[in-house]
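These notes concern the structure reproduced below.
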Amino acid sequence: MRRFNSYDSLGPKAFDEKNTVKEFKDTQLSDEERLSSVSYKLIKFSLPSGEDHFVVAIRGTNNAWDALADLQLWSAAWITQQFRWFVPYGSIFNYIFECVVNFTGTIENVSLESVAYYKQTTKFVEWLSSEKKYEKIYITGHSLGGGLAIITGTQTKHEAVAISGPNAMLSRETFNPPLSAKDLNMYTFNVIPGKDPVPRIDDVAQNYQKIRCTASPSRFIDCHTLDRTLCEVLYTCGSHGRLVPKSCAEIYNYDAPSA
């Protein structure tokens, strides 16, 4: 592995497509929609082959309002999971629990509209898809951003990779439009660090990867840190010639990468 100290000229070049995001917000959103707290970027990766890939990166939980959004969007699924845990052989009643989550979502429909950030990210990806120059589109996010990536990826049928994101299998029919189990299984992937409570909210779809977390058990919330997760993935899977952040060794006590 190589230390993060210079630009790798052999790899893909990344560009922050700020003007594209601005164009979308200026031309496609209402004044009310532009006031939404959701934040996302469009990153263009120009490969050595000349092909361009585009990644929609959705910001994770950043403040108390974002935390409230997490709580509201996934509260019914989380409460149902706790109840199922206490019921003997609770998993055999999954269909009933899904109905309970859907019913709760219907009751909370008005309040959920104010935190339905996924509607704007889905609209953005659909707009990109309508433009012929954006063919290779992927979606990613961490924490709340990961949960939104899972929803948007399923709704638009684009591959989505969440990191520590809440899942959506139990609550899939509470979103608008609803998600199908088939599409969740086909288009989404969630990275689940050990001891991290957030990606254990709701039921996982087919594709996920559990990874270890080196944080102390008494500091389990540190397992929700994006930098720590990146280090674990790089040190477990290898960097394949890519640069490795210094923080892996200096903050998270991984072995120093070789030059």
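Residue count for region 33-52 satisfying the condition of being open to solvent by less than 50 Å² (accessible area, probe 1.4 Å), in a loop (DSSP other than H, G, I, E, B) and free of Cβ contacts under 8 Å to residues at least 40 places away in the same chain: 1.
Selection of first residues in region 10-32 that are aliphatic (A, V, I, L, M) and of second residues that are open to solvent by 60 Å² or more (accessible area, probe 1.4 Å) and assigned to a helix (DSSP H, G or I), restricted to Cβ pairs under 8 Å at least 6 apart or on distinct chains, gives the following pairs, ordered by first then second residue: 29/123. Going by what's in this entry, would residue 183 be described as touching a residue at least 60 places away in the same chain (Cβ under 8 Å) and acidic (Asp, Glu)? So residue 183 fails the test.
In the set (1) over 18 Å from residue 204 (Cβ atoms); (2) open to solvent by less than 80 Å² (accessible area, probe 1.4 Å); (3) at pLDDT below 70, the condition left unmet by residue 119 is number (3).
Can you name the residue in region 237-259 that is in a helix (DSSP H, G or I) and open to solvent by 70 Å² or more (accessible area, probe 1.4 Å) and, of all such residues, is nearest to residue 214 (Cα to Cα)? Looking at the filtered set, the residue picked out is 250. Within region 127-161, being surrounded by fewer than 24 Cβ atoms within 10 Å (Cβ to Cβ) and closer than 16 Å to residue 36 by Cβ holds for one residue alone: 127. May I ask you to list the residues in region 214-233 that are assigned to a helix (DSSP H, G or I) and either over 19 Å from residue 249 (Cα atoms) or out of contact with any Pro (no Cβ under 8 Å at 6 or more places or on another chain) (or both)? The answer is 217, 218, 219, 220, 221, 222, 226, 233. Here residue 225 fulfils each of the conditions (1) of a type outside the set (Asp, Glu); (2) touching a helix residue (DSSP H, G or I) at 6+ places or on another chain (Cβ under 9 Å); (3) open to solvent by less than 90 Å² (accessible area, probe 1.4 Å) apart from (2). Scanning region 150-189 for residues that are within 14 Å of residue 122 (Cβ to Cβ) and assigned to a strand (DSSP E or B) returns 160, 188.
Return a yes/no flag: does region 190-213 have any residue that is hydroxyl-bearing (Ser, Thr, Tyr), buried (at least 20 other Cβ atoms within 10 Å of the Cβ), at pLDDT 95 or above and not in a loop (DSSP other than H, G, I, E, B). No: zero hits.
The values are calculated or read from the model by the stated rules, or taken from the named source; none is laboratory data. Because the structure is a prediction, the values reported are computed rather than measured. Ideal geometry is used to build each Cβ from the backbone, glycine not excepted, and the neighbour counts take in all protein chains shown. Accessible surface is based on the protein model in full, side chains and every heavy atom, while ligands, DNA and RNA are left aside. Shrake-Rupley method; radii C 1.70, N 1.55, O 1.52, S 1.80 Å.
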